[in-house]
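S.K.: Here it is: the structure, laid out below.
Read-outs throughout are calculated quantities, based only on the coordinates presented, and are distinct from any laboratory measurement. If you're wondering where the values come from, they're calculated on a predicted model, not measured in any experiment. Note: ideal-geometry Cβ built from the backbone for every residue, glycine included; neighbour counts use all protein chains shown.
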Amino acid sequence: MGGGAAVRAHAAPHPALGYPDPRGLPELRGALAAMLARRRGVVADPERLVVCSGVAQASTLLGFVLRARGLRQVGIEDPGSPEHGRLFASTGMETVWLPLDEEGLCPGPLADSGVRAVVVTPSHQFPSGISWSAERRAALLDWARAVDGYVLEDDYDGDFRYDRAPVGALQGLDPERVAYAGSVSKSLAPGMRLGWMLVPEALLDEVVERKRTMDLGNPVLDQAVLAEFVTRGGYDRQLRRCQRAYRERRDALLAALAEHLPGTGVSGIAAGLHVIARVPARFGPQSGSSGGRRRPGRAAAAGGVRHRPAGRRGRAARHRVRAPGAFGRRHGDPAGGGGVGARVTVHAGFARAPHPVVRHGTARRPRPERPTRRLLHVPSRTRRFPSPPAAACCAVRSPRRRR
Ligand SMILES: Cc1ncc(COP(=O)(O)O)c(C=O)c1O
């Protein structure tokens, strides 16, 4: 995103600064469609791509459209992101939690639920980190066709794969049943509020009309700069840079866990920006307020590495996290229960912390009497290290290479 791009967009003739097509600038839609088809294997028609303010707005756009069509419920992965539920709830839809196992959404409960719309994260399930099996992907699409339903695929971190081949997006298998959403939040900065949704043909007009009445389209200058950045190859370079940095941070976190919290089991490490760590209970939380009963600590307000406690039951927990190995366990639960040999499961995000911080943060081994709140605490003075927004700034400042 060279300075020149911003200047050219700024100096754009007046007509380009009028009210945009609510779907977004044609240049950006074309650039994103080509990039997504190449990188994620989606079926990407620029005419069916809607530029929006992140996956969050894609969710609400779809929610409003489905609600207007008479759907009242949306299925959400359990464990899954509570944010999905909140976003759809804001459109008047009730959320129905649907159980996952190690392969993906369980077909039986899905069929019994009566829902006709679901939100899923099949490439790197949030938060467990599993990649859905081919069978479960096919079963979900069969279900969608059978009930005349729709799937929102949230590809929130689909670009970051470390030890395994990239998994293509679900949308590529049935673009008429799957709406595909992504954003620059993990690659540039969440504050940019720029994302996209590829919309099934049958829903396109309604989604575009909803986008028009919601905000008349995203700001033109932001779109023009991103279009130039993608077209000139800067976005690909930025993804490669992020991939390297995120891999280093992940490796540093894993090494630090092994060194300072021996016996910790980790999963979900092959992709994405967080790991699920099952920490032996001797390092785990203590509760001062619940009669000595062990319970997961609350999320640390950490500047870099963040961890979240695991909910023993996805539905009841504020942060619904269970390790893949703990699916379906309710008693003597190694993911959060308190028996002998119990473990505490934490969700440790490493995206915002460069690896010296990860090492430093994790090295703060909690004293046995202290809760896991301290487990991955990062002192505030380490916040001077660059974070993704800084990475975006670097990208903005880097000299543009001419092709
Ligand atoms: C599961 C999930 N989906 C999507 C997003 C990104 O949302 P947005 O693109 O609106 O920033 C996040 C951000 O942390 C997330 O955790």
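S.K.: Per residue of the range 74-87, in order, report the coupling 6.51 cos²θ - 1.76 cosθ + 1.60 (Karplus, θ = phi - 60°) as ³J(HN,Hα) in whole Hz, putting x for Gly and Pro.
M.R.: Per-residue couplings from phi come out as 10, x, 10, 5, 10, x, x, 8, x, 4, 4, x, 4, 5 Hz.
S.K.: Now a separate question. Hey, how many Å between the Cα centroid of the range 205-242 and the Cα centroid of the range 56-80?
M.R.: That distance is 22 Å.
S.K.: Find how much the distance from A258 to A16 grows on full extension, using 0.36 nm per residue of separation minus their present alpha carbon separation; answer in nm with one decimal.
M.R.: Between A258 and A16, full extension yields 81.7 nm more.
S.K.: May I pose another question? Which of rounded, prolate, oblate describes the range 57-129, given a ≥ b ≥ c as roots of the alpha-carbon gyration tensor eigenvalues and a/c under 1.5 marking rounded, otherwise prolate only if a/b is larger than b/c?
M.R.: Because a/c hits 1.5 or more and a/b fails to exceed b/c, the range 57-129 counts as oblate.
S.K.: So for S183, S267, fewest C-beta neighbours within 10 Å to most, what's the order?
M.R.: Result, fewest neighbours first: S267, S183.
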